[in-house]
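Engineer: Pasting a structure below so you can have a look.
The values are calculated or read from the model by the stated rules, or taken from the named source; none is laboratory data. These figures come from a predicted structure and were not determined experimentally. Methodologically, a virtual Cβ is constructed for each residue, glycine included, from the backbone with ideal geometry; neighbour enumeration extends over all protein chains shown. Calculation scope for accessible area: heavy atoms of the full protein, side chains included, ligands and nucleic acids excluded. Shrake-Rupley method; radii C 1.70, N 1.55, O 1.52, S 1.80 Å.
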Amino acid sequence: MTDKLQEYARLLVAFGVNVQRGQKLVITCAVDHAVFARACMAIAYERGCAEVILNWTDDDCARQRYLKADDKVFDVCPEWRVRYFTDYAKEGCAFLYLLSEDPQNLLGVDPGRIARATKSSGEALREYRELRMKNENAWTIGALASTKWAAMVFPDLPAAEAEALLWERIFAAVRVNGDGSAVEAWRAHAAKLKERVKILNDYRFKSLHYQNALGTDFVIELAENHLWEAGGDKTTGGVPFMPNLPTEEVFTAPKRGGGSGLIVASMPLSLHGNVIEGIRFVVRDGRIVEATAQKGEETLRNALAVDEGASYFGEIALVPYDSPISRSNTLYYETLFDENAACHFAFGEAYPTNIEGGADMSKDERIAAGLNDSIMHVDFMVGTADLSVVGTRADGTEVVVMQDGNFVF
């Protein structure tokens, strides 16, 4: 376990966020995982990091605040918080986000408070978020097992066994064996993902048609000059990094306003400390016009109403149904893992790098080019064992992209 944790920390810092000599690193981590954060800090300093800044989080404190704080605080994002993230981003810092939240930490909290806090912080931190999505900064998201998260994933096991098993599933997903081979394994995996990216970019699809037995029957248009991405990225300064560990997806940008049909989610979605189940979207002209859920519908509707762009799509991601995470037969209630077990969409903001020259465009130019803009970006899963995805090229030619949930190439 110690060897695997050390290798995982090194993978996140040296390969994932790839902190450079003389650069600063901001680590966001729960206080319960201070030991792991210190291990990441030590590796960063070993690589010549100028300074490691810790941004501590705590589920219990967050829950108490939402339940008991003065109502007015949820309409304001403090200036110090805006300056904290935005100034570090402008300075060129790298960002490492370590997730370990209880998926139901905010169950029973007034959904209106959550929605208002999401909107106020999203609007205030827009510049920071845009810098990150344009890859001005290297950033990586990883996950750490926690007692409450593990209990949600493995409810029939004793707490200690559940947490130990969750750690093993995390290590398997990020290719950590404790023998120092993780980085090379990831380089090989990234190369394979980029091969698939080239195939998809060469097709220059105009649209994709999704169908499965759950009821999904949906055609979504792609941005005219869209680019598929996968297997890591580079900052605008040319530094390679891996945004998500794990990752099994290839993704691109849909055209705002292009797409119609029915989408039925294939997995629950953990969002804002609540679990949403049984999601169904009716889409017309690229906009979600009807949204229902068997559980957590108010949380879902609030997310879609944060701003105008939240009800449009910002990402299309293709993931084979036989991906390693899917083969674990585990529902993680954590998007970082569940989105890499199934094809998914995201409603909300699009990545500027998913169209040619997008990183150099202004917001208005990106919107004119067909990209969606929002303070939200929420991934939800649609992939199943019987999913078919058929692409249509500009000349009307149809190409089968996925059959029975997996790529045909």
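Engineer: On the first, second and third principal axes, largest extent first, how far apart are the outermost C-alpha atoms of the chain in Å?
Structural biologist: 55, 49, 48 Å, listed from the longest principal axis down.
Engineer: Can you give the charge dipole size of the chain about its Cα centre, rounded to the nearest 20 debye, using +1 on the beta carbon of Lys and Arg and -1 on the beta carbon of Asp and Glu? Let's see the in-between values first.
Structural biologist: Details: 42 positive and 59 negative charges, 127 e Å.
Charge dipole, the chain, about its Cα centre: 600 debye, nearest 20.
Engineer: Report, in debye and to the nearest 20, how large the dipole of segment 147-226 comes out about its Cα centre when Lys and Arg carry +1 and Asp and Glu carry -1 on their Cβ.
Structural biologist: 380
Engineer: Can you give me the % of accessible surface on the chain that is carbon or sulfur? Probe 1.4 Å, all protein chains present, nothing else counted. Don't jump to the answer; show the numbers that get you there.
Structural biologist: On the way: 8370 of 16930 Å².
Whole-percent figure for carbon plus sulfur exposure: 49.
Engineer: Another question, if that's okay. What number does segment 308-409 give for Rg over Rh if you use C-alpha atoms and the Kirkwood radius?
Structural biologist: Rg divided by Rh gives 1.03.
Engineer: Within the set 24/134; 24/363; 90/363; 119/363; 24/234; 194/363, which residue pairs have Cα atoms separated by over 21 Å?
Structural biologist: In this structure, 24/363; 194/363 exceed 21 Å between Cα atoms.
Engineer: How big is the equivalent ellipsoid of segment 94-216 along its three axes, where each semi-axis is √(5λ) from the Cα gyration tensor, reported in whole Å from largest to smallest?
Structural biologist: 29, 26, 20
Engineer: Work from the charge dipole of the chain (Cβ charges, +1 for Lys and Arg, -1 for Asp and Glu, about the Cα centre) and give the residue of 260, 149, 250 farthest towards its positive end.
Structural biologist: Final value for the positive-end residue is 250.
Engineer: With labels modelled as points extended 7 Å from the Cα through the Cβ direction, what inter-label distance (nm, one decimal) is found for residue 307 paired with residue 195?
Structural biologist: Placing both labels 7 Å along Cα→Cβ, they lie 4.0 nm apart.
Engineer: Related question: Mind jotting down the distance between the C-alpha centroids of segment 256-284 and segment 217-252, whole Å?
Structural biologist: 21
Engineer: As a test of the formula, what do you get for the chain when each DSSP H run with n ≥ 4 contributes -39,500 (n - 2.57) and the sum is divided by the residue count, at 222 nm and rounded to the nearest 500 deg cm²/dmol? Before the final figure, lay out the partial values.
Structural biologist: Details: 13 runs with 132 residues, N = 409.
Computed ellipticity for the chain at 222 nm equals -9500 deg cm²/dmol.
Engineer: For segment 119-136 and segment 340-385, write down the distance between their C-alpha centroids in whole Å.
Structural biologist: 14
Engineer: A follow-up question, please. Treating only the Cβ of Lys, Arg, Asp and Glu as charged (+1, +1, -1, -1), what charge dipole size does segment 302-409 show about its Cα centre? Round to the nearest 20 debye.
Structural biologist: Charge dipole of segment 302-409: 200 debye, to the nearest 20.
Engineer: Would you compute the Debye intensity of segment 276-323 from its alpha-carbon atoms alone, equal scatterers and no solvent, and pass along log10 I(q)/I(0) at q = 0.13, 0.22, 0.27, 0.32 Å⁻¹ to two decimals?
Structural biologist: -0.36, -0.85, -1.03, -1.16
Engineer: Here's a follow-up. Contour minus end-to-end for residue 397 and residue 331, with contour as 0.36 nm per residue of separation and end-to-end as the Cα-Cα distance?
Structural biologist: 20.1 nm
Engineer: Would you mind checking the radius of gyration and Dmax of segment 34-137 based on alpha-carbon positions, in Å?
Structural biologist: Over segment 34-137's Cα set, Rg and Dmax evaluate to 15.8, 45 Å.
Engineer: For the chain, what is the accessible area per residue in Å² when the probe is 1.4 Å? Write out the running numbers ahead of the final one.
Structural biologist: Numbers: 16930 Å² over 409 residues.
I get 41 Å² per residue for this part.
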